[in-house]
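Input: a single structure, listed below in C-alpha cells.
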Protein chains: 2
Amino acid sequence: MIRVGVNGYGTIGKRVADAVAAQADMELVGVTKASPDYGVEAAARRGYDLYAAVEDRTDEFAAAGVDLAGAIGDLLDAVDVVVDCAPSGVGERNAPVYEAHDTKAVFQGGEDAAVADASFNARGRFEAARGADSVRVVSCNTTALSRLLAPLDETYGVEKARVTLVRRGGDPNETDRGPINDIVPDPATVPSHHGPDVNEILPDVTVDTAALKAPVTGMHTHSVNVTLETDPDPAAVRDLLADESRIFLVPEGAGIDGAGALKEYAADAGRPRGDLWENCVWEESISVTGRDLYLFQNVHQEADVVPENVDAIRAMASDVDAAESVARTNETLGVGLDSRLADGELVRTELPADD
Amino acid sequence: MIRVGVNGYGTIGKRVADAVAAQADMELVGVTKASPDYGVEAAARRGYDLYAAVEDRTDEFAAAGVDLAGAIGDLLDAVDVVVDCAPSGVGERNAPVYEAHDTKAVFQGGEDAAVADASFNARGRFEAARGADSVRVVSCNTTALSRLLAPLDETYGVEKARVTLVRRGGDPNETDRGPINDIVPDPATVPSHHGPDVNEILPDVTVDTAALKAPVTGMHTHSVNVTLETDPDPAAVRDLLADESRIFLVPEGAGIDGAGALKEYAADAGRPRGDLWENCVWEESISVTGRDLYLFQNVHQEADVVPENVDAIRAMASDVDAAESVARTNETLGVGLDSRLADGELVRTELPADD
C-alpha cells in the first residue's frame with residue numbers, strides 16, 4: 001500500500017486525490033489547502049483529511065470553522081509520496097521541503113524540468129521514473145503530444161512534427177485570466193516550450209510547436225501536422241490511434257462539433273466533473289497528403305494528466321510495470337470512452353491498454 | 001405508477017429523463033430523438049428505450065446502427081404524460097399530436113403560455129395544474145424569479161420588483177449562438193417577456209424586467225431590486241431565502257466569484273453534469289436601503305426547471321400535494337446543497353421543503 005498525500009487541493013489536486021483514492025494499492029492520507037475556500041467542502045464531503053499547506057496559516061482555518069488534521073509537515077511525515085499540485089512555480093519552492101522530510105515527490109508540468117530527477121509520461125517514459133525520488137508529470141499539452149507522437153513514431157517514424165497549440169486562456173473558475181477578445185501569440189517566439197518539453201519524453205522526435213492563447217476555458221485545441229518517414233494510410237492511422245487507451249477518437253457524424261459538446265458528451269457518460277482524461281482526436285480530421293499527416297485534437301487541461309500522476313506514483317514507489325499500472329489506472333477511473341453503437345449496443349473503440 | 005415519456009432528448013430532456021427515472025412513483029417509458037447524434041449513446045448507456053421524434057425518420061436511425069423501440073406515436077400510446085422538451089416553438093406544433101393521442105403533456109417555457117391549460121411553478125402554482133391535460137413549466141428565468149418573489153411577497157409584500165436579466169448567449173454545446181463580443185439588449189424594449197410571464201405564476205406581483213444577452217454559456221445572472229411594502233432586515237431576508245429549498249445561498253467568503261466557480265462547486269459536490277437546480281443567490285449581495293432590497297442571483301439555464309417538470313407531472317397525474325411532491329423530488333435528486341462547515345462538519349443551509 002503506497003501512502004500518498006496531495007499538496008494543493010485545487011483544479012488538478014482534487015482530481016488526483018479522487019484518482020488516488022480509487023486505487024486499491026494506494027491510500028490517500030490527506031490533502032492540503034492554502035486557504036479555507038470552497039474546496040474544503042469538497043474535501044470534507046469525501047472524508048479526506050485536510051492539512052494546512054502553509055505551516056503558520058492554521059488559524060485561518062480555525063476561524064472558518066474548518067478542522068485540520070495538521071499542517072504540511074505532518075502530512076509529509078505520514079506519506080511515501082507527495083503529489084505537488086501547487087500553482088506553477090510554487091512546486092520548485094516546495095522541493096527542498098519534500099527533501100528535508102525525505103518524501104518522494106511528483107511535480108506538475110508547470111515546473112521546470114530541472115525540479116525533478118525525471119520527466120514522466122506513462123506512454124514510453126514509465127521506467128525512467130522507476131524508484132526516482134522526484135518526477136515531473138509533463139504539462140497537459142506535452143502529455144497529449146507525447147501520447148500522439150509515440151505510436152506514430154513507433155509505427156511510421158516521425159521525420160518532423162509541426163504543431164500549433166491554440167490554448168485556453170484559463171480554467172472555468174479563473175475569472176481573472178485573459179484574453180477576453182483576442183488570440184494572443186504566447187509566446188510570440190517559436191518554438192514554444194512544448195516542443196522541447198516533448199523531447200524530455202521522446203528525445204529522438206523532431207517537433208516544432210507554436211502556441212497561441214484564445215478566449216475559451218473548456219479545452220486546448222491542437223492543429224497537428226506530422227511528416228512521417230513512410231507513407232501513412234488514413235484508415236490505418238485511425239486504427240493505430242483507436243488502439244491507444246488514452247486517445248479517444250471523437251466519432252465522425254456524432255454531431256460533436258467543439259469543446260462544449262465534447263464535455264457534454266463526457267458528462268452524459270457519467271464522467272466525474274465531465275472530465276476527459278484522453279486526448280480527443282477528431283476522427284474526421286485525420287487526413288493525409290503524401291507523407292504529411294494532419295489532424296485536430298482537443299485536450300482537457302484539467303484532466304488529462306490525472307491518470308499520468310497515478311502511474312507516476314506507481315513507477316516511483318512500487319515494482320508494478322507500465323502496462324499493468326496503466327491498465328489498473330484506466331480500469332479504476334474508467335479511462336477509454338464507450339463509443340459507437342452497433343446493433344443498438346455501445347462498443348468501445350479502444351482496446352484495453354494491456355492488450 | 002405514472003408512465004412518462006420525454007419527447008426530445010436534448011439539453012432539458014436528458015435531465016428530465018434522469019429525474020423521472022429516479023422517482024419511485026414514475027416509470028420512464030422512453031425518450032425520443034429527432035436524429036441519431038451523440039445523445040443516443042447517453043440514452044443507450046442508461047438503458048432508456050429510444051423512439052424517433054419524427055414518424056418518417058426511422059431509416060436514419062437504422063442507418064446509424066441505432067435500434068428504436070418505435071416512433072413518437074408508439075410512445076404517446078404507452079404513457080400517461082409526455083414531457084415536451086422539443087426546441088422552442090416546436091412544442092406548439094406537437095400539441096395537437098398529444099391531444100390526438102389523448103396524452104397529458106408538460107411543455108417548456110419556450111412555448112407561449114397559450115399552449116397549455118396552466119403555467120406551472122411548484123412554489124405557489126402547483127394546484128393550478130391539478131388534473132390539467134396540459135401545463136407549461138415556465139422558463140428558467142421566470143422559474144427563478146417566481147421562486148424568489150413568492151416568499152418575499154408573502155413575508156413583506158412586494159410593492160414593485162425591477163430586474164435586469166443578463167442572459168447567457170447559448171448553452172455550452174451551442175457553437176452557433178452569439179453574441180461573441182457584445183452585450184445585446186434582447187429585446188431592446190422593456191419589459192421583456194419575463195415580467196408578464198412571472199404574472200402567469202404570481203398574478204398580483206408588479207414586476208418590470210429588462211433583458212440583455214452576454215457572451216457566456218454557463219449561467220444567467222439577475223440583478224434584482226425589490227421595493228417591499230415593509231422594511232426588510234437583511235439578515236431576516238437571508239434567513240427567509242435560506243429556508244427556501246430551491247434557493248441556494250452562495251456562501252460569503254467561500255471564494256465563489258462567478259458562474260465558473262459555482263459550477264465547479266456543483267461538480268465538486270458530485271452533482272450529475274454539475275447541475276445547479278436551485279437559484280444561486282450571492283449571500284453577500286443581499287443589501288437593503290430603506291424598503292429597497294437588492295441582490296444578485298445566478299440561474300443555471302440547463303437545470304433549474306428540471307425539478308419543476310417532475311412536480312408538474314405529479315400535479316397533473318396524481319393526488320400528491322405540493323409539499324409532498326417537492327419533498328420527494330428534492331430528496332431523490334439531492335436538491336438543497338450542503339454548505340458551510342461547522343466544527344468541520346457540513347451542514348445544510350436549507351430546510352427540507354415540507355418543514
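The values are calculated or read from the model by the stated rules, or taken from the named source; none is laboratory data. Quick caveat: nothing in here was measured; it's all calculated off a predicted structure. Cβ coordinates were reconstructed from backbone atoms using ideal geometry, including for glycine residues, and neighbour counts include every protein chain displayed.
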_Step by step: first the residues of the range A:171-194, then only those that are without any contact (Cβ under 8 Å) to a residue 40 or more places away in the chain and in contact with an Asp or Glu (Cβ under 7 Å, 6 or more places away or on another chain), then the one that is nearest to the other protein chains (Cβ to nearest Cβ). Which residue is that?_
A:THR175
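Determine which member of the set A:GLY255, A:GLY260 is closer than 24 Å to B:ASN173 by Cα, free of Cβ contacts under 8 Å to residues at least 24 places away in the same chain and within 14 Å of chain B (Cβ to nearest Cβ).
Matching residue, one of A:GLY255, A:GLY260: A:GLY255.
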*asked:* Condition first: of a type outside the set (S, T, N, Q), over 17 Å from the mean Cα position of the chain (by Cα) and surrounded by 21 or more Cβ atoms within 10 Å (Cβ to Cβ). Now tell me which residues in the range B:157-190 satisfy that.
replied: B:VAL158, B:ALA161, B:VAL163
*What single numbered condition from (1) of a type outside the set (Phe, Trp, Tyr); (2) touching a residue at least 60 places away in the same chain (Cβ under 8 Å); (3) surrounded by fewer than 19 Cβ atoms within 10 Å (Cβ to Cβ) fails to hold for B:ASP102?*
(2)
*Residue tally, condition touching a Phe, Trp or Tyr at 6+ places or on another chain (Cβ under 9 Å) and within 11 Å of chain A (Cβ to nearest Cβ), over the range B:35-75*: 12
_Yes/no for B:GLY89 being surrounded by fewer than 16 Cβ atoms within 10 Å (Cβ to Cβ), farther than 21 Å from B:ASP112 by Cβ and touching a residue at least 12 places away in the same chain (Cβ under 8 Å)_ = no
*Please tell me if A:LEU240 is modelled with pLDDT under 95 and away from chain B (no Cβ under 12 Å).*
no
*Only one of (1) under 21 Å from A:ARG15 (Cα atoms); (2) within 14 Å of another protein chain (Cβ to nearest Cβ) fails for A:CYS85. Which number is that?*
(2)
*Say whether the condition of being of a type outside the set (Asp, Glu), on the phi > 0 side of the Ramachandran plot and within 14 Å of another protein chain (Cβ to nearest Cβ) is met by at least one residue in the range B:1-16.*
no
*Looking at this structure, is B:ARG162 part of a strand (DSSP E or B), of a type in the set (Lys, Arg) and within 22 Å of B:PHE120 (Cβ to Cβ)?*
no
*asked:* For the range B:256-270: of the residues being out of contact with any helix residue (DSSP H, G or I) (no Cβ under 7 Å at 6 or more places or on another chain) and farther than 28 Å from B:ALA210 by Cβ, which is surrounded by the most Cβ atoms within 10 Å (Cβ to Cβ)?
replied: B:TYR265
*In the range A:34-64, how many residues are closer than 24 Å to A:ARG314 by Cα and in a strand (DSSP E or B)?*
2
*Does the range A:264-281 hold any residues that are of a type in the set (D, E, K, R) and either assigned to a loop (DSSP other than H, G, I, E, B) or more than 7 Å from chain B (Cβ to nearest Cβ) (or both), and which are they?*
A:ARG271, A:ASP275, A:GLU278
*Does A:ALA211 satisfy being surrounded by fewer than 16 Cβ atoms within 10 Å (Cβ to Cβ), more than 14 Å from A:ASN298 (Cβ to Cβ) and aliphatic (A, V, I, L, M)?*
no
